[in-house]
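Asks: First, the structure itself, so that you have it in front of you.
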Amino acid sequence: MAFLIVALSVILLALFVFNPHPSFVTCSQYLDSQSTNTRPDYNSIIVDLESNVDDHPSLDPHNHDISKKKIETLHIAGFFPMTGTGGWIGGSGCLPAAKMALHDVNAREDLLPGYSLELTYQDSQCNPGKAAKYMYDMIYEPPKKVILVCGCSTVCSIVAESANMWNLIVVGYGASSPALSDRTRFPTFFRTHPSAIIHNPTRLMLFKKFGWSRVAIILETEEVFMETARDLEQRCRKANIQLLTRVSFVGNGQPTDAMDNLKRADPRIIVGMFYKQQARRVMCEAYKRGLYGEKYVWFLIGWYEDNWWTDVKGLSCTLEEMKKAVEGHLTTEALVRNQDDRTTLSGYTSKEWLKRFDQELARIETIGKSLVSSQLPQSRQPLNKTQNNPKPTTLERPEGYQEAPLAYDAIWAIALALNSTINNLDSQNINIRSYNYSGTSHIKNVFLSELKKTHFLGISGEVAFSAIGDRIAKTQIEQMIDGNYTLIGYFDGSKEQSELEFKNKIRWPRGGPPKDRTKIQEVVQYLSLPYMLTIFLISLVGIIISASLIYFNWSHRNDSLIRMSHPPSNNIMLLGCIICQTSVILLGLDGRFIPSNQFYLICDLRAWFLNIGFSLFFGSMFWKVWQSYLLSTRNIPPLGKTANQQVFMTVGFFCLIDVIILTMWKLYEPMDRTTVKIKEQSGTELDLGDDVIVELKIEYCQANFSWYYLIFCYKGLLLVFGLFLAYETRGVKLRQLNDSKLVGMCIYNVAILCFITGPVSLVNLMRQQANYHYLFVSITIIFCCSLSKILIFIPKVAEYLRRRKKKALGSGSCEPSGSGNHGTNSVLDEHSSRDDEEQLNRLEKENRELMEKIRERDSQMKAMIARIEEARDWANKSLCETNGQSLGFDPRQNQVSLRSRKGI
Ligand code: ABU
């Protein structure tokens, strides 16, 4: 027996000495281990608090009876992120608060009588992998834990998702992820920390207040931020606020690419969602890209420590640059400290509590300085005042200082819920000691329902949990002014119709909120008025001249000079000129004169006038060279009475094709006004400020180029054929069409100019030069029309004037009728010319009859010769047969004799 007792003692001693899980500690165990721990760290300083609690009066100004006898210990397992390189490492501020709460709770006689609470904790480093391992260790390592507490969203997610498997309830003091509100995924999770989505209504209120309807989001790819961004996106969509872009980057990477993408979207209002370490990198990159200053408003998370931006280690920005980058940004954060002077459940007002907490931190600091001053986390390093931080406010505050009341209240909430649970279980004759990780979840359920009912005034305000286990809180808005955070106001998103409550004015460097976008000022480059008016004037003169020439043609229609030029075709040509020159005026009418919604009419009119005008103008000339070609190459009667019909039909046919094409164009792809950017100028250059960009645009009729190509093909064929005819008839002089040679010359001009102008006018570079384009096209049209009129009519008019002059001088001399070639004709009075013409027609008719007779005689002669040849062949053949048979003669040698015998 004695041997057994000794052996058992040895085994127990060995187990105690070779503890397989030395990585986590209870507060009391820690005191023992301190004597052997040669490496002091920040955790150790905090644990010192526990060791000094009882003999430190600052912890207990209300002098609760802390000597009460506790007989049973209830164990809490805690995750406090205190070291690490990413995420939220606010355990440094929260652990002391949790320990204060434990002390206060344990000191209360009326709370958990017969029980004391003890905390076993781990530095999770805000690392879910490490947290998972520590959780299993803490669960499987006695003593049994009745509840878990955690901070940092990534850790709470993994802990809370698995805790239910062990009938464990989790209370989060520092986890803001909206994903944690999912009751199916986290059925036993409660938190004193409000969800991060409570920032979003506040952000939205600010967007609306300052008239921002275009925002961008940059976020770190952690569930907490992704869910918050998703919620913000949905709210923005509902509020008609455009989300310009949403860029993200991985937590342990550099945000450079994301920042490049962000800059490309040209945002002005940027919401940033990331942990502090990445916030520094983002703001440094923002500085480098110029995404800071008076034109930009950054919305950051408000729970970083106040001097988070001052640590420039590992950044490529100086402190000065960082200060510029963060200046003026706004933050939103949940209000997690009771704002009034009411005494809270703990017996302190929040001010008293804060004072007490600050004293504790100071005490820890004192201990820490002597122990680990060289190993303090960067955020706690005193700020070098020469580094241009004029008024640093929270030099010695550890990370998590802001969330400390949440950690304090989390322990109180647990204590209250446990207290009610024990009472509840007592009434059912169940002891809390029967609580087990596996098996029945009855105790867990009782605990859950008690936790749900929890409602008390805590240091962080009213502590109550919503149906999804979330904390309800107000948000606070702050702005960084001169390197320090200044309170701007509050917003209570939980209340319907809530308004922003301003305490201070936001400082806007320009006196007012910046614009949410670069203002794009469109400037349509219209035609230069002097150019346009000059062209209008020239066209008008051209139209008047054309009309006058029509009149001239009509009034001198009986004059052989005019009559022999086929005046109807010339009139059609002049009408075409009038229409083409009108189209030039239409081309000059731009958005200054035509409202945008009616601009399509101008587009249509331009196309119709130019096409129909061209068909009349060129079609009539085409007909003339064609007739000239027929008359010169075929033996056809001169232009008769049907000539007028012919010209009308030909030109009408060309116009019909135009009508078909233009109608189809209108029906299938109607033209409309469009503007195209040709140049961009910054507003600074034009003294309009850097928020403005001037876009120089040109306006034209939007059309599918296929229609242009179709018309060009058709007109091109006409031009080519016209050119051919003009070339073929270049040397032909016809009395019936006395100006056909001149018309041929006109066709050359028109064809060449059209072949150049048509394609060039479609080249983009040309189209972008509104003035040059207009001048180029309109001068070509005017030139074609004017040259044709000059070539065809100047000789006629000149001749007419010459005749009039002679007549006026009383000259009676008669000259023979002219050949009709451009005004070199002899002067004839009207009667003589008519007789002459009749005589000519007679002669031509006789000539034709004679020609016909000659042709008849000719064919008779040909028939006779053929018959003679036939007879001769026959005779030769007969002779050959006769002589050949008797004499063997060559028949050709006897031709003469045969002929003589036949008497031919
Ligand atoms: N206020 C700290 C929140 C940290 C987190 O949600 O991870």
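What follows draws every value from the coordinates through simple rules; no lab data is involved. Everything numeric here is computed off the predicted structure, so don't read it as measured data. So basically every Cβ, Gly included, is an ideal-geometry build from the backbone, and we count neighbours across all protein chains shown.
Asks: Counting pairs of alpha carbon atoms under 8 Å apart in space and at least six apart in sequence, what relative contact order in percent does segment 273-348 give?
Replies: Relative contact order here is 38 percent.
Asks: Something else: Could you tell me whether segment 223-274 comes out rounded, prolate or oblate from its Cα gyration tensor? Rule is a ≥ b ≥ c as square roots of the eigenvalues, rounded for a/c under 1.5, then prolate if a/b exceeds b/c, otherwise oblate.
Replies: oblate
Asks: Note the count of lysine pairs whose C-alpha atoms are less than 25 angstrom apart in segment 409-538, limited to pairs 8 or more residues apart or on different chains.
Replies: 13
Asks: What list of ³J(HN,Hα) values in whole Hz, one per residue of segment 729-738 in order, does the Karplus curve 6.51 cos²θ - 1.76 cosθ + 1.60 (θ = phi - 60°) give from phi, with Gly and Pro shown as x?
Replies: For segment 729-738, the Karplus curve yields 9, 4, x, 8, 10, 10, 5, 5, 10, 5 Hz.
Asks: A further question on this structure: Which aspartates and glutamates does residue 877 reach when only Cα atoms under 17 Å apart count, and residues fewer than 8 places away in its own chain are ignored?
Replies: Residue 877 reaches 869, 890.
Asks: Another question, if that's okay. Rank these for me by crowding, 331, 475, going from fewest to most other beta carbons within 10 Å.
Replies: 331, 475
Asks: Sticking with this structure for a sec: Please say if segment 172-330 is rounded, prolate or oblate, where rounded means a/c under 1.5 for a ≥ b ≥ c the square roots of the C-alpha gyration tensor eigenvalues, and otherwise the choice is prolate for a/b larger than b/c and oblate otherwise?
Replies: oblate
Asks: Next question. Among 694, 523, 659, 171, what is the fewest-to-most ranking by other Cβ atoms within 10 Å?
Replies: 523, 659, 694, 171
Asks: Right, next: Enumerate lysine pairs in segment 178-329 that are 8 or more residues apart or on different chains, then count those whose Cα atoms are under 21 Å apart.
Replies: So the count works out to 19.
Asks: Please state the charge dipole magnitude for segment 504-640, taken about the Cα centre, from unit charges on C-beta atoms (+1 on K and R, -1 on D and E), reported in debye and rounded to the nearest 20.
Replies: 700
Asks: Quick check on packing: order 607-615, 226-234 by the mean number of other C-beta atoms within 10 Å, highest mean leading.
Replies: 607-615, 226-234
Asks: Right, something else. For a test of the definition: using alpha carbon positions, the gyration tensor, and the 1.5 limit on a/c, classify segment 692-806 as rounded, prolate or oblate.
Replies: Verdict is oblate for segment 692-806.
Asks: Go through segment 109-124 residue by residue and turn each phi into a ³J(HN,Hα) via Karplus (6.51, -1.76, 1.60, θ = phi - 60°); whole Hz please, and just put x for glycine and proline.
Replies: Working through the residues one at a time gives 5, 7, 10, 6, x, x, 10, 10, 9, 9, 10, 10, 10, 9, 7, 6 Hz.
Asks: Would you list 321, 869 from fewest to most Cβ contacts within 10 Å?
Replies: Ordered from fewest to most neighbouring Cβ atoms within 10 Å, 321, 869 come out as 869, 321.
Asks: In straight Cα distance, which lysines are under 20 Å from residue 845, not counting same-chain residues fewer than 8 positions off?
Replies: Correct list for residue 845: 641, 733, 853.
Asks: How about segment 576-664: which trypsin sites (Lys or Arg not before Pro) there lie in a loop by DSSP and see at most 12 other Cβ atoms within 10 Å?
Replies: 592, 634, 641
Asks: Which lysines, on any chain, are close to residue 666 with Cα under 23 Å apart, when same-chain ones fewer than 8 places away are left out?
Replies: Residue 666 reaches 715.
Asks: Amide H of residue 524: which non-local residues (sequence gap of 5 or more, or other chain) have their own amide H closer than 5 Å, using H built in the peptide plane?
Replies: Residues meeting the criterion, in which the H sits 1.01 Å from N, are 697.
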